[in-house]
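J.: The structure under discussion is supplied below as structure tokens; questions concerning it will follow.
The values are calculated or read from the model by the stated rules, or taken from the named source; none is laboratory data. Since the model is a prediction, treat every value here as computed from it, not as a measurement. All Cβ positions, even for glycine, are placed from backbone atoms using ideal geometry, and neighbour counts span all protein chains on display. Each accessible area value is taken on the protein alone, full model and side chains, heavy atoms only, with ligands, DNA and RNA left out. Shrake-Rupley method; radii C 1.70, N 1.55, O 1.52, S 1.80 Å.
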Amino acid sequence: MNELLSERYADQLDGVLSCYDRIVITGSLLPFCYAQGMTRYLYQQGIRIFEYAQFAEPLRKRIRENAEELAEANGVRIEFIRKKDFRKENRVQQILKKRGDQPGLVHIFGAMEACSAYRPWHDKVTGKTYLKPDSGKCLTYYFYFVDEHLGLCYVRVPTWCPFRLQFYCNGHNWLASQLKERNIAYEMLDNAFLHIADYARANQLANELDIEILHQHLDEFAQQYCPVVTDLNLHYHWSIMQAEYATDLVFKNRDTLQAFYPPLLETLTHAVKPADLATFLGRKLNGNYQGEMGNRFNKRWLGTRLKHQMGPVSIKMYDKFRFILRIETTVNNVAFFQHYRKVQHHDGSTTTRWAPMKKTIHSLPALQESLFAANHRYLKFISSIATPEVGVEKLHQLAETKTENQHRHKGFNLFSEEDTCLFRSLLQGEFFISGFTNKQLRTYLAHQSAGQVTRLLKRLRVHGVIKKVGKHYKYYLTDFGRQAAAMALKLREMVVIPQLAFASVSQP
């Protein structure tokens, strides 16, 4: 079986933790959040469509007055941002170092930023007057505060209708408050735990985020920082804008991680292909996929980072503070993932089936499962190539001749183009998810007959590269098979061939 890094280095680890990191939620004020709803509301209130600006102006004034009252009541000043490269997070951290992390309002920023808006429109053909979607700029407030349960958060409040809110919190901060309530000792730096006295309990708590309580907090924040929701007796609908889920392998010292991290990073930069990335995310890569895909490497003060991108989802790996190996999946559109849920159709009927995930905050538990699975698949993948001795052992086992029922099955030649083509075919992303049959494998091995592929499958099974599923004629790569095939290709394509090419060029 494939030994995960978390198992291989168990004695050198302080612990392993998986939990939400960055969570960004948007609040849409119903029914103001779409043009037809806003139009209908004005008609219901007896307000002319072309008086929309006059209707919105007092509401803008109400939000500005509320911000000034909050600033005065909490002894903070509103800081207006005029520089594009200004980092609000840095300023907030400077303030926190002086004031401490006790609950309460920390700071208020003001800035002119883009916002959603509407403009009145009269259609001369139909004779109807209504609002059309528009965009513009308005004064926008950022309220940074420390919540007793969620830690450091902010609420972004535009001062112009339809008042689309944005809320940010960090799952590590929320977990820290949960540990504190239960008297579980921990040490934290930035958004990472350096030590937790009880990792098992911490992981359990991380899976128990109560969405109803979160919803209640969000409604309270909206009433506090955007009082027009109370004045108009309306309510917000909360949706997931962005979510990050992190799996941290916390090492006791930096030397252990740094002994294998640089070569691992170098290998992954070249080794992760689009089909691999799709597999990590539980998807099958289709030939007509049009989204962005690729790998990106960079260095930051937090550590050296490798990022794999597939459309609205990315997987990052970096050595945070050089002794935490963090794997983090980020999603900017949760509909990328599917889960088993009830689907309502246009005729009013409902069915339960696999469908794209809804953006509502109530999808956070299901999303957590998908993101954790992506992190685990990636961890499983890198565990097979993390240290040289693992690859050597697996390749040696692959090359040996094995005997079963007095029949000899020769090993695989790692320098043979035929065997290399086979390994490359077995590593197709689609095979990881749904397995493969004799017929499907022949599409990649066109020169082989059905009988030849049958004998080849038997040889692969004897060497432990593939396994048969139940009574079906369907096969999957074993953990050993995936490791061996990946290492065989890397040995040939990234070491042997480049070296031979260099040697031929260097000859006089």
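J.: Note down all Cβ pairs under 6 Å where the first residue falls in the stretch 244-255 and is farther than 19 Å from Ala197 by Cβ, the second is part of a strand (DSSP E or B) and charged (D, E, K, R), and they're at least six residues apart or on different chains.
T.: Hits for this filter: Glu244/Asp21; Glu244/Arg22; Glu244/Glu328; Ala246/Asp21; Ala246/Arg326; Ala246/Glu328.
J.: Look through the stretch 1-22, keep the residues that are among the hydrophobic types (A, V, I, L, M, F, W, C) and either open to solvent by less than 10 Å² (accessible area, probe 1.4 Å) or not in a strand (DSSP E or B) (or both), and return whichever of them is nearest to His172 (Cα to Cα).
T.: Cys19
J.: List every residue pair whose Cβ atoms sit under 8 Å apart, with the two residues 6 or more apart in sequence or on different chains, where the first one lies in the stretch 127-148 and is within 18 Å of Arg64 (Cα to Cα) and open to solvent by 60 Å² or more (accessible area, probe 1.4 Å) and the second, anywhere, is part of a strand (DSSP E or B) and of a type outside the set (Lys, Arg).
T.: Lys137/Met112; Lys137/Glu113; Lys137/Ala114; Lys137/Cys115
J.: Here's a follow-up. What number of residues within the stretch 437-467 satisfy the criterion of being β-branched (Val, Ile, Thr) and open to solvent by 10 Å² or more (accessible area, probe 1.4 Å)? Give the derivation first.
T.: Narrowing the stretch 437-467 to residues β-branched (Val, Ile, Thr): 437, 443, 453-454, 462, 465-466.
Right, trim to open to solvent by 10 Å² or more (accessible area, probe 1.4 Å) and you get 437, 443, 454, 462.
Number of matching residues: 4.
J.: Just to be sure I understand the filter: pairs with C-beta atoms under 7 Å, separated by 6 or more residues or on different chains, first member in the stretch 367-386 and open to solvent by less than 10 Å² (accessible area, probe 1.4 Å), second member among the charged types (D, E, K, R). Which pairs pass?
T.: Listed pairs, sorted by first residue: Ser383/Glu3; Ser384/Arg482.
J.: Give all pairs with beta carbons closer than 8 Å in which a residue from the stretch 96-121 that is open to solvent by 60 Å² or more (accessible area, probe 1.4 Å) meets a residue that is among the acidic types (Asp, Glu) and not in a strand (DSSP E or B); count only pairs at least 6 apart in sequence or on separate chains.
T.: Short answer, once both residue conditions are applied: Pro103/Glu148.
J.: Just the residues that are more than 30 Å from His172 (Cα to Cα) and touching a strand residue (DSSP E or B) at 6+ places or on another chain (Cβ under 6 Å), please, taken from the stretch 23-49.
T.: Hits for the stretch 23-49 are Leu30, Ala35, Met38, Thr39, Ile49.
J.: Now, a different point. State whether the residues of the stretch 45-68 include one that is surrounded by 12 or more Cβ atoms within 10 Å (Cβ to Cβ), hydrophobic (A, V, I, L, M, F, W, C) and in contact with a Gly (Cβ under 9 Å, 6 or more places away or on another chain).
T.: yes
J.: On to the next question. Mind checking which residues of the stretch 342-380 are assigned to a strand (DSSP E or B) and within 17 Å of Val313 (Cα to Cα)?
T.: Pro356, the sole residue that qualifies.
J.: Now, a different point. Select the helices (runs of 4 or more DSSP H) contained entirely in the stretch 405-490, then report the ones holding at least 2 residues which are over 21 Å from Leu268 (Cβ atoms) and out of contact with any Lys or Arg (no Cβ under 6 Å at 6 or more places or on another chain).
T.: Filter on the stretch 405-490 gives 417-426, 438-442, 450-462.
J.: Quick check on the stretch 212-229. Is at least one of its residues part of a strand (DSSP E or B), buried (at least 18 other Cβ atoms within 10 Å of the Cβ), in contact with a Cys (Cβ under 9 Å, 6 or more places away or on another chain) and of a type in the set (Phe, Trp, Tyr)?
T.: no
J.: How many of the residues making up the stretch 395-436 are hydroxyl-bearing (Ser, Thr, Tyr), modelled with pLDDT of 80 or more and open to solvent by less than 40 Å² (accessible area, probe 1.4 Å)?
T.: Qualifying residue count for the region: 1.
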